[in-house]
Amino acid sequence: MKIERVDLAARLNEMRKQGYTYLVGITAVDYVNHLEIIYFVRDLAKNTEDSINVDLDPSDAWVPTITPHFKSADWYEREVGEMFGIEIRGRRTDRLLLEKWNGKAAPLRKNFNWNEPYETMID
Amino acid sequence: MDTRTYDRRKTLNSEKEMSLLSENSLSMQGTKPNAIFATLSDAAKMISKGVVRWSRKNSLWPLQFGLSCCAIELMDFGSARIDAERKGYLFFRGTPRQSDVMVVAGWITKSMAPEIKRLYEQMLEPRYVIAFGECALCGGPWWESYNIIKGVDQILPVDVYVAGCPPKPENLVSAFMKLQKKIGGGVED
Amino acid sequence: MSTRINIGPVHPSTHGVLRLLVDIDGDRVESVEPHVGLLHRGVEKLVENRAYMQNMPYMEKLDYVAPLSYAEAYVSAVEHALGIEVKARAVYVRTVLLELQRIASHLLWLGVMANDLGQFYTVFMWAFRDRDKVLRLMEETSGARMFHVSMRLGGLQHDLPKGFEDRCHELLTYLEKQVDKYRNFLEKNSVFVERMQGVGLLDKERAIALGVTGPVLRASGVNYDVRSNNPYYAYDALGFEPQVRSGGDCLTRYDVRMMEIEESIRIVREALNALPEGSALGMPIRFALQAVQERVSVVKREMPRGECMMYLVADPQQPYRLHVRSPSFANLSALSEIAKGCKTADLFAILGSLDIVMGEVDR
């Protein structure tokens, strides 16, 4: 179901209390006019699953973090944030998930330039 | 970072190495060689060349360096069907300081490249590299990726290339035998 | 007072290229931080530039221990998006191949984990010899040991060769005896049992909150298996039963996987006896493209390591976006929670029992 960004954290918390306790994954798609970020949650007792879609504007791409509600969302959020350049607000750590990247380019966006001199940070 | 260029010719052919060694030792002694000494030293040179060549090529110890899919075939190479130990390529060492050969199996990302270079420099000379699998040869199926180095020979000097995706373990046995021939001076590089 | 040690990318016991930064205090681990991404090649970006069937080699190299499962999941997602039905015989043949792949993958896990724990090199040698026999049987169907690009839309590239069923039945009787041998060897060995019992405890609520999947989840008492909850192919018809234990430590996860091998042997046997007649061939690679029926297709499969979800946004000729949610990613993200407070040597027991393959974590 499609919801707005302002309702995101509250809606997911509500679903968690209703029984959707298992987070399957978080992913995102870059339709050129807008970004869509998708959360998949599952109810293990009733064996049902639901997906929550949020539309984002590419120039204003941020979502609040849902790690207070779902502990397993940590790595998924970091991966989506790095690959798409979406800022996840409210997170504790700033370290990138992928080793030795400097976070300047967002590879999975459609406007990623393959020929850019791609810098990696070497420690 | 070590910025020496790697001079393969010096270390690959044990014949040239032995002659270099004996030349250096003679010049350090400062004596003029006479005829008996010359024949004795020639005989000693030949015997020691043969012994060194034989011992180096028959006990190659690989470094366990499997990065990805080709590592599964590397593990198969070391296990019961194609036994690597019976030909002298003993059980894979965990540390580069004790090994002769580095079998690079798997694709190399830009983050991993400095680590590979560091491992190669930690190996003691004479050291050899076998590029195992398509990804180590030329980048393989990930040719167009933004994070892949197109072949390990962009950062290391490679002695034997093995093609395949993944190559069968029998191919690796054949590659080791070719390397042995190369060390023994049979194949001109 | 804690020291930070770096269990680096090249280590005999990390499965692939994984870097762990461990804070230890004496012998106790205070925190573990896995650094991943050293094998990242951008598969999700690369598949956007190729036609559907040209992407098969990319998908197989994600999980290189059980490549057929990923190939089949991808082909299923494309079939779902284009509205192509799988032929009846191909359904059973795919089930047979998938379960054989699961046996091969669990054998590799067993060999590598036993090797990590105490140099049980015997088990490593036996497991690889048996895995080699299974791979040689699968080589008969497609010609390659590891990366068979043999899945096609609607079926397979080649049907099972003549005499495959007899050879397979022989292999299955052999494997049943071998599984008993492994259990006898390992479960009576006090080194193995003491290193695994009570280590890496994970109870039911924590397992669900941390988002682990596969045998790790089933060893904590949660009855979830994609093959029984959302059945696909022939699992429903063959009466598949998931193996669930409550216990939550490494020994239970070992037990679950060994029981899964036995369950797979039973499924293969029954599927071979129930193969329908007909053709199992799918469409050739250059097929006339059909229109996209559903733009977004989500397919869930049970890999040997857990549950994988493929999210495909389909364009007429090529994928617009493919997301792979791999089971090892979910299991590895839980490592820092599971391994808090354990001893240093138990870290490798936990890592081995989670069964991680770095190719699918980094993609």
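Residue by residue, here is whether (1) at pLDDT below 85; (2) over 18 Å from the mean Cα position of the chain (by Cα); (3) more than 8 Å from chain C (Cβ to nearest Cβ) holds:
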position	(1), (2), (3)
B:LEU74	no, no, yes
B:SER79	yes, yes, no
B:TYR89	yes, no, yes
B:ARG97	no, no, yes
B:TRP107	no, yes, no
B:LYS110	yes, yes, yes
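Of all residues in the stretch B:145-189, count the ones that are away from every other protein chain (no Cβ under 14 Å), under 30 Å from C:VAL43 (Cβ atoms) and part of a helix (DSSP H, G or I).
Adding up the residues that qualify gives 4.
In the stretch B:87-114, how many residues are touching a helix residue (DSSP H, G or I) at 6+ places or on another chain (Cβ under 7 Å), within 13 Å of B:LEU67 (Cα to Cα) and not in a strand (DSSP E or B)?
3
For B:LYS110, which of the numbered conditions (1) in contact (Cβ under 8 Å) with a residue 40 or more places away in the chain; (2) touching a Ser or Thr at 6+ places or on another chain (Cβ under 6 Å) fails to hold?
Exception for B:LYS110: condition (1).
Is it the case, given these coordinates, that B:TYR120 is buried (at least 18 other Cβ atoms within 10 Å of the Cβ) and part of a loop (DSSP other than H, G, I, E, B)?
no
Per-residue answers, yes or no, for (1) out of contact with any Asp or Glu (no Cβ under 6 Å at 6 or more places or on another chain); (2) small (Gly, Ala, Ser); (3) at pLDDT below 90; (4) surrounded by 20 or more Cβ atoms within 10 Å (Cβ to Cβ):
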| site | (1), (2), (3), (4) |
| --- | --- |
| B:GLU125 | yes, no, yes, no |
| B:CYS138 | yes, no, yes, no |
| B:TRP143 | yes, no, yes, no |
| B:ILE149 | yes, no, yes, yes |
| B:GLN154 | yes, no, yes, no |
| B:VAL158 | yes, no, no, no |
| B:GLY164 | yes, yes, yes, no |
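Which one of the conditions (1) over 24 Å from C:GLU360 (Cβ atoms); (2) outside any loop (DSSP other than H, G, I, E, B) does A:GLU77 fail to meet, given that it meets all the rest?
Tallying (1) over 24 Å from C:GLU360 (Cβ atoms); (2) outside any loop (DSSP other than H, G, I, E, B), A:GLU77 fails exactly one: (1).
Mind checking which residues of the stretch C:126-154 are part of a helix (DSSP H, G or I) and either free of Cβ contacts under 8 Å to residues at least 12 places away in the same chain or more than 10 Å from every other protein chain (Cβ to nearest Cβ) (or both)?
Within the stretch C:126-154, C:ARG129, C:ASP132, C:VAL134, C:ARG136, C:LEU137, C:MET138, C:GLU139, C:GLU140, C:THR141, C:SER142 qualify.
Of C:ARG269, C:ARG301, C:ARG363, C:ARG325, which residue is within 11 Å of chain A (Cβ to nearest Cβ) and in contact (Cβ under 8 Å) with a residue 24 or more places away in the chain?
C:ARG363
Please go through the stretch A:44-54 and pick out each residue that is touching a helix residue (DSSP H, G or I) at 6+ places or on another chain (Cβ under 8 Å) and part of a strand (DSSP E or B).
Once the filter is applied, which keeps residues that are touching a helix residue (DSSP H, G or I) at 6+ places or on another chain (Cβ under 8 Å) and part of a strand (DSSP E or B), the stretch A:44-54 yields A:ASP50, A:ILE52, A:VAL54.
For the stretch C:334-342, state whether one or more residues are surrounded by fewer than 14 Cβ atoms within 10 Å (Cβ to Cβ), of a type outside the set (Asp, Glu) and under 25 Å from C:ALA90 (Cβ atoms).
Checked the stretch C:334-342: no residue is surrounded by fewer than 14 Cβ atoms within 10 Å (Cβ to Cβ), of a type outside the set (Asp, Glu) and under 25 Å from C:ALA90 (Cβ atoms).
I'm trying to understand the selection: among the residues of the stretch A:31-44, which are surrounded by fewer than 21 Cβ atoms within 10 Å (Cβ to Cβ) and within 10 Å of another protein chain (Cβ to nearest Cβ)?
Within the stretch A:31-44, A:TYR31, A:GLU36, A:ILE38, A:LEU44 qualify.
Where in the stretch C:5-119 are the helices (runs of 4 or more DSSP H), entirely inside, with at least 2 residues that are more than 19 Å from C:LEU332 (Cα to Cα), away from chain A (no Cβ under 14 Å) and in contact (Cβ under 8 Å) with a residue 40 or more places away in the chain?
The helices (runs of 4 or more DSSP H) meeting that bar are C:56-60, C:67-82, C:88-118.
Taking the conditions exactly as written (surrounded by 15 or more Cβ atoms within 10 Å (Cβ to Cβ), at pLDDT below 90 and under 23 Å from the mean Cα position of the chain (by Cα)), does C:GLN157 satisfy them or not?
The answer is yes for C:GLN157.
Somewhere in the stretch C:173-193, is a residue touching a residue at least 24 places away in the same chain (Cβ under 8 Å) and under 21 Å from C:MET303 (Cα atoms)?
The answer is yes; a qualifying residue exists.
The values are calculated or read from the model by the stated rules, or taken from the named source; none is laboratory data. As the structure is a computational prediction, the values presented were derived from the model and not from experiment. A quick note on method: Cβ atoms are made from the backbone with ideal geometry, for glycine too, and the neighbour counts reach across all protein chains shown.
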